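Some notes on the structure that comes next.
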Amino acid sequence: MTHGMRTDTHSPHSGGDRDWRDTATRYALVPLRIFLGITFIYAGLDKLTDSAFMKDAGAGSIGDMMRGVRDSSAVPALVDMALESPVAFGYAIALGELAVGIGTLLGLLTRLAALGGALISLSLWLTVSWAADPYYYGNDLPYLMAWIPLVLAGAPLLSVDAALRARRPRTGEYR
């Protein structure tokens, strides 16, 4: 090729002779894992420790928040399900965020944790932040998009998943 654009995505070097682009590529998902993990842990703990949030009604309660977004959500049936038991739903979301955050931060069952994070973000986008106008003012859609690379790639480095994978005995060829 006569143009100067790099078309390969992997270095032709093997072994320890990697360039900075290969290193950056290998570690590209680590900052995303750290950010999403810490954010979801914080969000879960924030809900669990907020006495006003875990109530059926009242200022700042999950119940009042869900009633307030019901008519503007994309899927009012989801809100109706949550309103059957708002406090239980609040605990489910908070504990789900905590589990997703811990799994993502540690890199433990990362793809499953990321799928859980994507589903939480999707449900919040379709309910709580659906009415944000313009759409990019709502934060749940960008979170949903941020989970997708982790659903696809998992945590190949600096993770419990990678450590467990490295300990497995290699028998035969990869299929």
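Residues with beta-carbon under 15 Å from that of residue 69, excluding residue 69: net charge, scoring Lys, Arg +1 and Asp, Glu -1? Net local charge, residue 69 excluded: -3. A 1.4 Å probe, protein heavy atoms only, puts the accessible area of residue 91 near 100 Å².
Report in % the part of the accessible area of the chain that belongs to carbon and sulfur, leaving out ligands and nucleic acids; probe 1.4 Å. Exposed carbon and sulfur together represent 64 percent of the surface. Modelled label positions at residue 162 and residue 131, each set 7 Å beyond Cα in the direction of Cβ, lie 4.4 nm from each other.
The local environment of residue 86, defined by Cβ-Cβ distances under 9 Å, has a net charge of -1 under the rule Lys, Arg +1 and Asp, Glu -1. The residues 54, 81, 145, sorted by heavy-atom accessible surface at 1.4 Å with ligands and nucleic acids left out, run 81, 145, 54 from largest to smallest.
Among 111, 170, 33, the sequence by solvent-accessible area, most first, with a 1.4 Å probe is 170, 111, 33.
The angle between the Cα long axis of helix 110-127 and the main principal axis of the chain comes to about 40°, on a 0 to 90 degree scale.
Measuring nothing but how far apart in sequence close Cα pairs (under 8 Å, 6+ apart) lie, relative to its length, the chain scores a relative contact order of 22 percent. Taking all protein chains together and a 1.4 Å probe, the residues 72, 51 rank 51, 72 from largest to smallest accessible area.
Modelled label positions at residue 115 and residue 59, each set 7 Å beyond Cα in the direction of Cβ, lie 4.3 nm from each other.
Residues of region 135-175 with an amide N closer than 12 Å to a point placed 7 Å from the Cα of residue 18 along the Cα-to-Cβ direction: 156-158. Angle of helix 86-106 to the longest C-alpha principal axis of the chain, folded into 0 to 90 degrees and rounded to 10: 10°.
Placing unit charges on the Cβ atoms only, positive for Lys and Arg and negative for Asp and Glu, gives the chain a dipole magnitude near 820 debye about its Cα centre.
The values are calculated or read from the model by the stated rules, or taken from the named source; none is laboratory data. Values in this document were obtained by computation on a predicted structure and should not be read as measured data. Cβ sites come from the backbone with ideal geometry, for glycine too, and all protein chains shown count toward neighbours. Side chains are part of the model used for accessible areas, which takes the heavy atoms of the whole protein and leaves out ligands, DNA and RNA. Shrake-Rupley method; radii C 1.70, N 1.55, O 1.52, S 1.80 Å.
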